[in-house]
Structure formats: C-alpha cells, structure tokens
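The values are calculated or read from the model by the stated rules, or taken from the named source; none is laboratory data. The structure displayed is predicted, hence computed values, not measured ones. Here Cβ is always computed from backbone atoms with ideal geometry, including for glycine, and neighbour counts include all displayed protein chains.
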Amino acid sequence: MTEEHRQPAQAREKSEDAGRNRSDNPTLGDVIATRYERRDVLKGALGVAAISATLPWAALGAIGRAEAQENSRYIFKEVEAGSTPEHVVAEGYDADILMRWGDKVLPGAPDFDPAKQTGAAQKLQFGYNNDYLGYFPMRGSENPSAHGLLVVNHEYTNEELMFPGLGRQDRKEVAFKKMTPEIVAVEKAAHGGSVLEIRRDNGKWRVIGNSKFARRIDAETPMDISGPAAGHPRLQTKADPSGRRVFGMFNNCAGGVTPWGTWLTCEENFHGYFWGKIGDKHPEYRNYRRYGVPSNWFNWGAYEDRSDILKEPNEANRFGWVVEIDPFDPQSTPKKRTALGRFKHEGAAGIVNKDGRYVVYSGDDERFEYVYRFVTAKPVDRNNLAANRDLLDEGTLSVARYNPDGTVDWFPLVHGQGPLTGANGFASQADVVIETRRAADLLGATKMDRPEDIDANPSTDKVYVMLTNNSRRKPEQIDAANPRAENRFGHIIEMIPPGGDHASPQYKWDILVRCGDPSIAAVGASFNPATTKNGWFGMPDNCAIDADGRLWIATDGNAPSKTGRADGLWALETEGVLRGTGKLFFRCPNGAELCGPCFTPDGETAFVAVQHPGEADDDDPNAAPATYENPSTRWPDFKPDMPPRPSVVAITKRGGGKIAS
Ligand code: FEO
Ligand code: CA
Ligand code: CA
C-alpha cells in the first residue's frame, strides 16, 4: 500500500505533501553538471553497456530488437502490455490460482461467504492483500522444489471491495460512518500472514488441507519484542508493562527468507493504524511526527484503546519493525527484531556475506526516506540452524549516502557515535532504533524516491534497489541518485560491494534503469533500446533473483491512464549489451499490483501475489470509484455475487522445465 493508494483527505496535512523528512540533508543543485559527471563515471567504471542504458531510447535502435531477443537470457515470448479483467501470462505457461482471499487455511474454517463475513471465520481463512511470498523447501523431502511451505504477507484491507454496501470509509466526508465492530474484527483478522503447506503433483500445485504447519497470524497474534529496544520504557503500555510483548503485526509488505529457515516479515505503513490527533504536548510528539503517527487510515482506535495515541501513548513505538517467524513451528512466538530499526520497512531480503555474517537490506518506503543495511555481529552457523535463533538481535544498522562520484557510504547508527548522543535525545541504542529516521537524518543519509524492495544477487554480489516513484521531488531537490524531478515512474539502483563484501563501509553504485515510457523524451527513461513497447515499465516495487541469477521486477502503480498498461512481472537484463532491457512475462488483472515474485529452487515455478484486484485506475479522474458492487474486475472467480479476491498464482511451464529457459 502506498500513500497514493490510501491517503484519506482528513489525515492529509499540508506539511505532509513534501514527505515527512524535514531534515536539511543536502541535495545537489546543478542538474546538468551532475548528469555529465555521472556519465563520465559510468564510462570509466562500467564501460559501453552501461552507457547505452543511459542514452535516449530512440537514438540506439541499431542494436536490433530481433537480435536482442535471440541473445536474451530470458527465453519466452513476450506478453503484450495492456489491461484486461483477466491476468495474462507468456504463451506456453500456466498461471493457476493457488489460494484466494477467504480460502480455508485452518481446520474449522467455513466456506467463504462474502455476505456473511465474521472476524472468527476470517481468522481461519486466507487473509486479504497477499504481498510477500517466501518458499521453504520441506525438510527431508525427496523433491524440495515440489513440496514446501509458502509464507504469505497480508498487507492491508480494502473495505470498499471487501464488504457489500460499504464504499471507502476513510474519506473525510464519510468518516467511517458505516464501520461496525464486526467489520473491524474482519479487517484485523485479514491482516498479518499465512503459512501454507503446498505440493506439486502431476505438474500442478495445491495447498495441503489440515496441514500441521498451517498458520494464520493477524493483528492480534502475541509476539515478543527482542533486541536493543526490548523492555524499554518507551515500549511499555498498560496491557504490557514489560515492554516485551505485543499483540499483532500490521501492514506487512515485503520480507525475506533467512538461510536458517525463518521468515522475515516487515511492518510498513504502521502509522495509518493509529488514531486521534497529536499535539506538541504528546510525549512522543517529535518521534511520531517524523513517522506520520497518527494517520487515521483505519478506525480500529474507535473500538480499542491501544490504537488511540492519547489513551496509549507508546503503542505506536511497538510497530514498524521486522518480525521473524519460524514457519516450521506453528506454536512458535513471532519476534519483533528491534536491532534492524523502526521505519516503514518495505522488505528484509538478505545475503550471507563472505565472512559468514548475515546482511539484511531494507528500504524505508516513503518519499525522501532512506536505504538501510543491517550486518549481524556473528556469522551464520550453517551446521546448527537453531544456533541462529537470535542472530538478528546483535549487529550494526547503517544508512546509505549516495555520492555523486558513484560511491555509496554506509553510516552506522550506533549510540554514542557521532551525533547519536544524549545531546540529541538518544540516551541509548534503544532510542536510536525507536527513532531510526531521526538518527539517520543526523548522519546525512540521502533522501530517496521511495525505497521499496532491495535484493542481493548471490551470483554477482550486486544489490538492486527499487525506487518506486516520487512525484513530489522538485527540480532543486534532484541529486545523482534521484536524478529526475517529479519522478512519476521510479528507477532502479545497482550497488556493487567491493570484492563482494556486503559489510564494507563503501560500495559503488549506478542507475540500472530509469523507468517509464522511453519513447517520450520528456519522461527521461533509460531502458536499453532493445526493449520493446511491452518491455518497459514504471513503478518498480518488488524484485526477485531466480536460481540462475536473473532479475525479475514486479510493479505497483501502472494503469491505463498512467502507462497504458497493467502492473506485472518483467524480466530485466542486468549484464552485457542487453543490460537494462525489460521483457513482460505476466500481467495483472485490472486494478491489481503484483507482489511477491518467488521462485522454487529448481526455477520451475514462479509464485506471484496479485494484490487489490478490482481497484479503480487511481490516476484517471473520470474513473468511477471501485466498490464491492462495481469493481474493475471480478478476478479470479468472475461470478456476479463474488467480489474480486487477492490471490496467489503459481506459474509453471506447460510440459515442465525452468521458467524462461
Ligand atoms: Fe507496501 Fe512499499 O509497498
Ligand atoms: Ca506496493
Ligand atoms: Ca511493496
């Protein structure tokens, strides 16, 4: 979910229009000079292929698209870009619905009946708005790529598409008028995550019923708080004087899978769940203002004290963390790992560094926010997975500054170092992680165009950062790493750790591609000219690296009125003469964004999560509001009495074999 998706007029303060980052970290002024400087750097560091990706699209048609397709690392016939009520996958592939909102997860779940929803039923059923997907091969299985656990984030709920007769409730003029305690109970139960046991028999995936691993986690599931902020007075509440136990997680966007077999799931727009109005007498005023708490996107605070920032002033400090869950033990208690910082975590994908330590990358998804990295203090124990249980409680969180000379510096957020002292309100590391954003401001991090997913490629050690868009960046605010004013379509940054050392204090960086329609010069896109009219995209959000080290991009925000195409899954070349060439593989149904691309280890299956199908085209001023009664699609059931349902899709090649090979 993004601010654009869901920002009720009543909560929108004028001051938020430029983002919430009011720090005066420098932006680089001279556009032209910077651009030439960057091109020189590219020439020196990366050679001709990199330059070609920065030149105007039309000028280099000479590479020849036919030849390019022959040399592509992704072998499939490209999908035609467009927008339809149905999804579309490349010819020769099946894209089968694996699990829909409301499908049974736990024993006793009733059949889904959208006219009779209850919180109790939803707690047993698959949640709404599937986002991150992670696949864990079943331990001891003969074919680990055909039997495993699929973990799924349920980011948020769209009440207007879920409930008959409701419409958007968060508009100022509506003010949650039609909400009821039961609807809120359904919303809370539809958040969180699911663990599913899945198996592929005769080529087709299915969810195994009554699995001992099946689990639903929601906005009320008890969780522990661990790491430097655990037990701190700023995390203590009436319901939890210990400051170590919290109920639930919400707005879990992307995530990660650790090599010791756990699921990292990230709390993103947590501010939207807090209720009330903040004044400068509130004990957390400076902190909450920096995160936009409260934003009143949901009215849960009308029914429970803890979501009301006046009644429970510390509760919002207990959200905005990375949560670690053992999917193989449904009785295990999820843990919020505070060492990784508190912000609007998009994801938490990681890589084992060459020295054995685990490195997690995480973007803070808001306009003008930062890119972070966490390096564990100790190495991963490959021989005793259980020994890694609390590995994420100790380590160093750093924030990135992208320099115009093509280097990126990582500044550690360590209490007592530099400005992170009592003089600036940081009495301990707990304060540093609770107020991560303010600590990063003081270190001079680079304000980015909405950092989303970040993934490291284990075969090249390059790291890809999705920057989805930032329409509010002004011309005087552009810098080398965010080179476009009013960046409507986003871009992708590649980071290169020296010698593959993901703990190094300095990397190199480059822009892999500036997104948008390359045929419109004013857009300033930089796809490789080998890219067809279907192959370019805007708004990169999630990404994945497949078993062959190839990059895949999922988008959020493409629409007929904005890019003439639905969101989808694009292949994106990263090496050689085709670097920066996109190619469309899967297209979402109307109104949906694509999330969670995830591949089985054998590369034969791509799981994708189709989120919020049926929404209206946000950028089309003439589009009728999408509602339960009038969605932009009824995917995937296409029945008149069934609303659209966010669903997980399993993509396989007909007749078998690796995807795109
Ligand atoms: Fe939940 Fe940043 O997308
Ligand atoms: Ca998204
Ligand atoms: Ca996302």
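Summed over segment 443-456, residues that are away from ligand 3 (no atom under 16 Å from the Cβ) and crowded, with 19+ Cβ neighbours inside 10 Å total 5. Scanning segment 307-357 for residues that are more than 27 Å from Lys378 (Cβ to Cβ) and either of a type in the set (A, V, I, L, M, F, W, C) or touching a strand residue (DSSP E or B) at 6+ places or on another chain (Cβ under 8 Å) (or both) returns Ser307, Asp308, Ile309, Leu310, Ala316, Phe319, Pro330, Lys344.
For Asp461, are the conditions met, namely being closer than 30 Å to Asp501 by Cα, out of contact with any Lys or Arg (no Cβ under 6 Å at 6 or more places or on another chain) and more than 16 Å from ligand 3 (Cβ to nearest atom)? Quick ask: steps written out before the conclusion?
Values: closer than 30 Å to Asp501 by Cα: yes; out of contact with any Lys or Arg (no Cβ under 6 Å at 6 or more places or on another chain): yes; more than 16 Å from ligand 3 (Cβ to nearest atom): yes.
Considered against the rule, which asks whether it is closer than 30 Å to Asp501 by Cα, out of contact with any Lys or Arg (no Cβ under 6 Å at 6 or more places or on another chain) and more than 16 Å from ligand 3 (Cβ to nearest atom), Asp461 comes out as yes.
Cys515 meets each of the listed conditions (1) touching a residue at least 60 places away in the same chain (Cβ under 8 Å); (2) surrounded by 24 or more Cβ atoms within 10 Å (Cβ to Cβ) apart from (1).
What about Thr407, is it farther than 29 Å from Pro283 by Cα, more than 16 Å from ligand 1 (Cβ to nearest atom), in contact (Cβ under 8 Å) with a residue 60 or more places away in the chain and among the polar types (S, T, N, Q)? I'd like the intermediate steps shown before the answer.
Details: farther than 29 Å from Pro283 by Cα: yes; more than 16 Å from ligand 1 (Cβ to nearest atom): yes; in contact (Cβ under 8 Å) with a residue 60 or more places away in the chain: yes; among the polar types (S, T, N, Q): yes.
Yes; evaluated as a whole, the condition is true for this residue.
Candidates in segment 439-449 are the residues that are outside any strand (DSSP E or B) and under 25 Å from Ala544 (Cα atoms); of these, the one that is nearest to the chain's Cα centre (by Cα) is Lys447. Applying the condition of being outside any loop (DSSP other than H, G, I, E, B) and under 25 Å from the mean Cα position of the chain (by Cα) to segment 84-119 and asking which residue is farthest from Lys653 (Cα to Cα) yields Arg100.
Here Gly591, Gly557, Gly564, Gly603 are screened, and the one residue that is touching an Asp or Glu at 6+ places or on another chain (Cβ under 6 Å), modelled with pLDDT of 95 or more and surrounded by fewer than 24 Cβ atoms within 10 Å (Cβ to Cβ) is Gly603.
Kindly establish whether Asp308 is free of Cβ contacts under 8 Å to residues at least 12 places away in the same chain and more than 15 Å from the chain's Cα centre (by Cα).
On the way: free of Cβ contacts under 8 Å to residues at least 12 places away in the same chain: no; more than 15 Å from the chain's Cα centre (by Cα): yes.
It is false that Asp308 is free of Cβ contacts under 8 Å to residues at least 12 places away in the same chain and more than 15 Å from the chain's Cα centre (by Cα).
In summary, Pro222 fulfils each of the numbered conditions (1) farther than 30 Å from Glu394 by Cβ; (2) in contact (Cβ under 8 Å) with a residue 12 or more places away in the chain; (3) surrounded by fewer than 19 Cβ atoms within 10 Å (Cβ to Cβ) with the single exception of condition (1). One residue stands out in segment 233-258 among those that are over 26 Å from Gly134 (Cβ atoms) and among the hydroxyl-bearing types (Ser, Thr, Tyr): the one that is nearest to ligand 1 (Cβ to nearest atom), namely Thr237. Which residues, counting only those in segment 354-371, are within 14 Å of ligand 3 (Cβ to nearest atom) and of a type in the set (Gly, Ala, Ser)? Scanning segment 354-371 gives Ser362, Gly363.
Here is the figure for segment 260-285: residues that are away from ligand 1 (no atom under 16 Å from the Cβ), under 17 Å from Pro334 (Cα atoms) and not hydrophobic (A, V, I, L, M, F, W, C) total 2.
Would you check which residues across segment 195-229 are of a type in the set (Phe, Trp, Tyr) and either on the phi > 0 side of the Ramachandran plot or part of a loop (DSSP other than H, G, I, E, B) (or both) and list them?
Taking segment 195-229 and keeping what is of a type in the set (Phe, Trp, Tyr), we get 205, 213.
Scanning segment 195-229 gives a single hit, Phe213.
If you go through segment 606-624 and keep only what is at pLDDT 95 or above and farther than 17 Å from Gly549 by Cβ, you end up with Phe607, Val608, Ala609, Val610, Gln611, His612, Pro613, Gly614, Glu615, Ala616. Taken as a whole, the structure places Lys583 among residues that are touching a residue at least 60 places away in the same chain (Cβ under 8 Å), surrounded by 24 or more Cβ atoms within 10 Å (Cβ to Cβ) and of a type outside the set (Gly, Ala, Ser). Just a yes or no: is a residue in segment 159-167 within 16 Å of ligand 3 (Cβ to nearest atom), buried (at least 24 other Cβ atoms within 10 Å of the Cβ) and closer than 29 Å to Val608 by Cβ? So far as segment 159-167 goes, no, none of its residues is within 16 Å of ligand 3 (Cβ to nearest atom), buried (at least 24 other Cβ atoms within 10 Å of the Cβ) and closer than 29 Å to Val608 by Cβ. Against the criterion of being away from ligand 3 (no atom under 14 Å from the Cβ), under 20 Å from the mean Cα position of the chain (by Cα) and surrounded by fewer than 24 Cβ atoms within 10 Å (Cβ to Cβ), Asp546 qualifies.
Report whether or not Thr574 is under 21 Å from Ala530 (Cα atoms) and either in a helix (DSSP H, G or I) or away from ligand 2 (no atom under 16 Å from the Cβ) (or both). Answer is yes for this residue. Residue check: Asp431 meets all listed conditions (1) assigned to a helix (DSSP H, G or I); (2) within 16 Å of ligand 3 (Cβ to nearest atom); (3) among the acidic types (Asp, Glu) but one, namely (2).
Does Gly422 count as away from ligand 1 (no atom under 16 Å from the Cβ), without any contact (Cβ under 8 Å) to a residue 12 or more places away in the chain and on the phi > 0 side of the Ramachandran plot? Spelling it out, it is not the case that Gly422 is away from ligand 1 (no atom under 16 Å from the Cβ), without any contact (Cβ under 8 Å) to a residue 12 or more places away in the chain and on the phi > 0 side of the Ramachandran plot.
One line per residue, one yes/no per condition, for (1) under 20 Å from Glu160 (Cβ atoms); (2) within 16 Å of ligand 2 (Cβ to nearest atom):
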residue: Leu551; (1), (2): no, no
residue: Gly591; (1), (2): yes, yes
residue: Thr605; (1), (2): no, no
residue: Thr627; (1), (2): yes, no
residue: Lys639; (1), (2): yes, no
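Strands (runs of 3 or more DSSP E) fully within segment 450-516 that include at least 2 residues being closer than 15 Å to Tyr402 by Cβ and hydrophobic (A, V, I, L, M, F, W, C): 463-467, 491-496, 506-514.
Selection of first residues in segment 538-557 that are part of a strand (DSSP E or B) and of second residues that are more than 11 Å from ligand 1 (Cβ to nearest atom) and acidic (Asp, Glu), restricted to Cβ pairs under 6 Å at least 6 apart or on distinct chains, gives the following pairs, ordered by first then second residue: Cys543/Asp455; Ile545/Asp455; Thr555/Asp567.
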